[in-house]
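The block underneath contains the structure these notes are about, expressed in structure tokens.
Rule-based calculations on the coordinates, nothing more; no lab input. Given the structure is predicted, the values throughout are model-derived calculations rather than measurements. For neighbour counting, all protein chains shown are included, and Cβ atoms are generated from backbone atoms with ideal geometry for every residue, glycine included.
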Amino acid sequence: MAALAKSFPLLIHALCVEHHAGNLLAMVEATRIPYTTLWRWQRGLSRRYDNYWNVRRLCEHYRLDEDQVWTVIRRDLATLAQRGTIPLPDLSEVRAGPHPKADAPRRQLRQRGQQKR
């Protein structure tokens, strides 16, 4: 998968969608990589990838070839250094906040003070 990625942000987004239904917080819990790190990686906002352990944790969890992932990262950094742009994922469908739960209508009634009996 890493070898086919056009950019590191697209790789992160593809892993998030494929394994966690697009829920970045679930990806955080599974990989133990800080939320802000994954958020920046997914949006292509990191200019440095100096935390080797986070990249290694990502590769171990998803069974990715670490050399291929670093190749994608280096390619992105080289493109950015030449003032180029890297492909970014379409995040227009991503909403902030938790995913809705099955008991959402009951919770809303309780919040309004109307107990459902």
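Work through the residues other than Trp53 whose Cβ is under 13 Å from its Cβ and net out their charges, Lys, Arg +1 and Asp, Glu -1. For residues surrounding Trp53, the net value is 0. Descending by average beta-carbon neighbour count within 10 Å, the peptides 5-16, 66-77, 40-51 line up as 5-16, 66-77, 40-51, the highest first.
Rounded, prolate or oblate: pick one for the range 1-54, where a ≥ b ≥ c are the square roots of the eigenvalues of its C-alpha gyration tensor, a/c under 1.5 means rounded, and failing that, prolate if a/b is larger than b/c, else oblate. In terms of gyration-tensor shape, oblate. Subtracting the Cα-Cα distance of Glu93 and Glu18 from 0.36 nm times their residue separation leaves 25.5 nm of extension gain. Here the gap between Asp50 and Glu29, fully extended at 0.36 nm per residue and compared with their Cα-Cα distance, gives a gain of 5.4 nm. For an R0 of 30 angstrom, estimate the FRET efficiency from the Cβ-Cβ distance between Arg74 and Thr36 and round to the nearest 0.05. The computed FRET efficiency comes out at 0.85.
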